[in-house]
1. Tell me which of A:Leu104, A:Gly94, A:Trp47 sits at the most positive position along the dipole axis of the protein assembly as shown, charges placed on C-beta atoms (Lys, Arg +1; Asp, Glu -1).
2. Can you give the local net charge around A:Ala90? Use residues other than it whose beta-carbon is closer than 15 angstrom to its beta-carbon, Lys and Arg +1, Asp and Glu -1.
3. Once R0 is set to 22 Å, what does the formula 1/(1 + (r/R0)^6) return for the Cβ-Cβ distance between A:Val109 and A:Ala68, expressed as a FRET efficiency to the nearest 0.05?
4. Using each residue's phi in the stretch B:171-188, evaluate 6.51 cos²θ - 1.76 cosθ + 1.60 at θ = phi - 60° and report the 3J(HN,Hα) Karplus result to the nearest Hz, with x for Gly and Pro.
5. I'd like the mean, over residues of B:77-88, of how many other protein chain beta carbons sit within 10 Å of each residue's own Cβ.
6. What's the angle, to the nearest 10 degrees (0 to 90), between helix B:19-45's Cα axis and the longest principal axis of chain B?
7. Only loop residues by DSSP count here, and only those with at most 10 other Cβ atoms within 10 Å; note down the trypsin sites (Lys or Arg not before Pro) in the stretch B:99-202 that meet that.
8. Please compute the average number of Cβ atoms from other chains found within 10 Å of each residue's Cβ in peptide A:94-107.
Amino acid sequence: MADHDTFTHTNADIDVHSMGEVHEHPTWKQYKWVAIILTLITVIEVWVYYTPFSQSALFVPALLLMSAVKFAIVVLFYMHLKYDHRLFKALFTGPLIIAISTLLALLLVFGKFAGR
Amino acid sequence: MSTAVASHAHPPTSTGLDHRKIAIWAFIGSECMLFASLISTYLIYKGRSVVGPFPHDACNPPLCATPLKPILNIPVTSVSTFVLLMSSLAMVLALAAVENRGKPGYEGILGSSKFWLMATAVLGTTFLGFQAYEFTSFVHEGLTIRTNLFGSSFFTLTGFHGAHVTAGVLWLLTLFAIDVKRGLQPKDALLVDISALYWHFVDVVWIAIFTLVYLIK
């Protein structure tokens, strides 16, 4: 398994620098664990949907938190943003922050937070 | 790094980074804003439909001609969500197979980029099949894009996402065809990397949609 555990860019044909990869990619084991964690979080999300907890005030924040964790895991590990050049991080997080801010502002303007 | 390969693949850039990878990240950034606008629209219209069917609530006369159950099918969508998550795993394995071609331990299935690319495309197509089933059943239950605000915003949001998945599947099949024709080599890793970034983005958008549209009542 040792060979499978490390996905490195030792192959000279790969132009690692122009791909913007600052560090090595995750290993096969890490990819496997990422998939397991994503699946488990999804199972928990669906499970709580069917429990009395779905009537709780904490239900929506809990779902949003779990969703954000899944989002971050995919972006950091599968999209390799954790290992990529900072320009790529800026190109993604900048628009993402604008998008989320706009979304929240629109919900506020249209009274979606009223009465909570 | 192989300077010869780099200079052959693309002209030198001021950042030292490949323009194609900068372009895909800029594109993904712009897509974040597109989907944020679609999700905003859905959330703003949520709960403002005058007539049913409704996503999480039953609809009874006089709002509906006949009593209707909540229309969203959470178990089916949960399975399709799992399928899309697994397609992301297959995609990273496809990229790893191309990057590590020729290395010891990558002669088997783990090193078969053809297998992983096709697996990703098949899983993506399966997700689209679930979406087609969902859309068809909604129409049969009386929900179309013109029925109410929920229908309009729901079909627009998930339809746009489905169109992105379709484009991703076509992209993957193109890479698969290249792989079959001449074999993707480590020097082609960037081509696979760019398509993988797009595919994972489609996945993260669905992560948000699944929670905001399907699970939050």
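Just so you know, all these numbers are worked out from the coordinates, no wet-lab data involved. Keep in mind it's a predicted model, so treat the numbers as computed, not measured. All Cβ positions, even for glycine, are placed from backbone atoms using ideal geometry, and neighbour counts span all protein chains on display.
1. In the protein assembly as shown, that residue is A:Leu104.
2. Working: positive: A:Lys82, A:Arg86, A:Lys89, B:Lys21; negative: A:Asp84.
Surrounding charge for A:Ala90 is +3.
3. Values: r = 23 Å, r/R0 = 1.03.
The formula returns an efficiency of 0.45 here.
4. Couplings: 4, 4, 5, 5, 4, 4, 4, 4, 4, 5, 5, 10, x, 6, 9, x, 5, 8 Hz.
5. 3
6. 10 degrees
7. Details: sites: B:Arg101, B:Lys114, B:Arg146, B:Lys181, B:Arg182, B:Lys187; in loops: B:Arg101, B:Arg146.
Qualifying residues, ordered by number: B:Arg146.
8. 5
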